[in-house]
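Notes follow the structure.
Every number here is computed from the coordinates shown, using simple stated rules; none is lab data. Worth saying up front: this structure is predicted, and the values here are computed from it rather than measured. Neighbour counts are summed over all protein chains in view; Cβ atoms, including those assigned to glycine, are modelled from backbone coordinates with ideal geometry.
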Amino acid sequence: MAASTVFSLDSDAKQLDRNGGTFATSVSAGLLMKLSASTWSVLDLLRLRFGVQLFIFDASLDPVVETGINPGVAAALMDEPGMRERSRAVLATDDSRSPRPANRAIRTVPLLVGREAQGVLVATSPERHTRDLEDEEIAMLDAAAQIASAVIEQDLAQTRELSQAREGSRRFEGVLRFLRVLSQFGSEAELMRGVVQAATLWFDLDCRIYVRTMADAFTLFAALPGYTDRDLPARLNVDRVREFAREVAVSAPSDLEELGWHVPRGSVLVMPFGDDPEWLLVIGDAVTAEVEMTFGAVTNVLSGALTRAASAREARWRERLVAVAAQGVDRALRDLLRQLSTELGGLSARLTLVDAGEPRTLAFAGNGAAAQKATTRDLQFGRRRLALEVGHGAAGLTFDQVATVNAWTRVVEPWLLGASATESPVSDSEAELFERRIQDEVERAKRSNAGLGVVLVRTDRSGDAEEPVLNALRSTSRASDLLGRVRDNMLAIVLIHSKSEGADSVVSRLRRRLRSAGAQAGVRIGHAMFSPEIASADALIRAALVEIEAGG
């Protein structure tokens, strides 16, 4: 697998725009010291009622004044000897009592929102430079400071709540826009980079995405810039990922360390997605219900986008298969293998048939001398086994190369199963294997909302007498359809991306061809379409059997 994909993120960027759509909004950088008109009115009343001066400073000790008021008096107060140091100490400790003020006529109070000091309030007497204050005046000063700080803190808290609500609303709108345009990305790499950047801009979180390799491990695919394979685990064990995914939110220190999260506290979400699953999203350090909900939706949309990308790759290989299928199995395999090697950039590709324990090379393409290692994928060919071996360098196959091999095998293997359908009778395990393949197509139809049908053929013919039936099935089905045997040795055509009208047409053509071949006697046909009520391989087969039993 190639090294992880990282990308540049502009820290000043407030939004990510792709194809005309805004993906994310700015993240709050802190609370601005801005008070409402009603709060300023209350402070004016306190000044008159208690005969005090009230000054407000932000966390940088800059004066905060009402619009149109000169901040010069407040700035002069902060420049008095020891005043700035005293205010900084109050900000640092969130405590107006320590250290004690040297002048009893000055009260410096922290302004808190939650547990965070946002600034200070300074209450003084206008006569502090001319005389010592009486105890009653000091008490009035303390009361004014307490009331004023409570009013200001309430105002700041409400401002923060409104700001957070607006920010949450903007973030939600950004998430919705992002989800709408997510499938418009040109490649899986762009998809994952967009998700990593969105996690940073929306929630200021660290996000990493792993992809499952042909070696059956999850390898780092996308992360924030600055990370290298030395900083993060290059591979995650599939079994451990399943364990983490059952917990969803992982917080045990040893588990965080294993995932490459070197933090003393916190938690991360571990969210597998895609087919089987092929992808893994890990995000932290502070996980909230909003984060979990947002990225649950993101991974669902990603799964659909990835399915469409995989289907597009498979569609291209189906077109190539249709173009060469008439040549016969051996020649078609050699042609498809040459095309695979070309698409992999000239890597070597070998097909080996293992029959009765004796391996035999069926086809070879590419430059085998340049290969340092090889990755093998098994394909089922009736009772025999085909091994596809792809040679590559020490770094392994890139993601695009793995995706190409996966698409090739998903198209070629079902075609081979159909080519071996003349082997009769089949064992229960072989029938079960083909039914599992039908279930795979059902799951794919669920994700992509594509049509899917099954045509079932029961015949009392066997051996050579069955050959006209098989020929009719082969000539009726497309190269992209699946042909095989299911339970009770029945023949089946799985109609990929087919609607009800298409299935009806297939059944009509099959009946005509059986009649033309004089093979309709002893043959019964039934069919069923995938739907919310018929949503499994077993349900499809049972529904088609009902039609057969009804006289199909």
Can you put MET214, MET33, MET192 in order, fewest other beta carbons within 10 Å first?
-> MET214, MET33, MET192
Per the C-alpha gyration tensor (a ≥ b ≥ c, the square roots of its eigenvalues), the stretch 37-161 is rounded if a/c is under 1.5, else prolate if a/b beats b/c, else oblate; here it's rounded
With a 10 Å Cβ neighbour count serving as the proxy for reagent exposure, in which order, fewest first, do ASP44, ASP206 appear?
-> ASP44, ASP206
Does anyone have the angle between helix 188-203 and the longest principal axis of the chain? Alpha-carbon axes, 0 to 90°, nearest 10?
-> 20 degrees
Taking 53-60, 242-249 and ranking on average Cβ neighbours within 10 Å, highest first, one gets 53-60, 242-249
Run the dipole for the chain about the Cα centre, Lys and Arg Cβ at +1, Asp and Glu Cβ at -1, nothing else charged, and hand back the magnitude in debye, nearest 20.
-> 2240 debye
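Pairs of alpha-carbon atoms within less than 8 angstrom and 6+ residues apart define the contacts here; what relative contact order does the stretch 402-504 have, in percent?
Working: 113 pairs, mean separation 39.4, N = 103.
Result for the stretch 402-504 is 38 percent.
Let me have the 222 nm mean residue ellipticity of the chain computed from DSSP H runs of 4+ only, each contributing -39500 (n - 2.57), with the sum over all residues rounded to the nearest 500. Mind showing how you got there, number by number?
Details: 14 runs with 244 residues, N = 552.
Rounded to the nearest 500, the figure is -15000 deg cm²/dmol.
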Once the dipole of the chain is set up from charges on Cβ (+1 Lys and Arg, -1 Asp and Glu), the residue from the list ALA123, SER480, MET529 lying farthest towards its positive end is SER480
Farthest toward the dipole's positive end in the stretch 328-420, which of GLN380, PHE399, SER348, given Cβ charges of +1 (Lys, Arg) and -1 (Asp, Glu) about the Cα centre?
-> GLN380
Aspartates and glutamates near LYS34 by alpha-carbon distance under 19 Å, same-chain residues fewer than 8 away left out - which ones?
-> ASP44, ASP58, ASP62, GLU66, GLU116, GLU153, ASP155, GLU161, GLU167
Once you sort the root eigenvalues of the Cα gyration tensor of the stretch 425-552 as a ≥ b ≥ c, which label holds: rounded (a/c under 1.5), prolate (a/b larger than b/c) or oblate (the other case)?
-> prolate
Would you work out the charge dipole size for the stretch 405-537 about its Cα centre, treating the Cβ of every Lys and Arg as +1 and the Cβ of every Asp and Glu as -1, and quote it to the nearest 20 debye?
-> 540 debye
Which of the peptides 65-72, 451-458 is most tightly packed, and how do the rest follow, going by the mean number of other Cβ atoms within 10 Å of each residue?
-> 451-458, 65-72
Global size of the stretch 328-420 as Cα Rg and Dmax, reported in angstrom = 12.7, 36
For the chain, what is the convex hull (Cα atoms) projected area averaged across all directions, in square nanometres?
-> 35.4 nm²
Reachable aspartates and glutamates from LYS446, criterion Cα separation under 13 angstrom, eight or more residues apart if same chain | ASP275, GLU533
Which angle from 0 to 90°, rounded to the nearest 10, does the C-alpha axis of helix 500-516 make with the longest principal axis of the chain?
-> 10 degrees
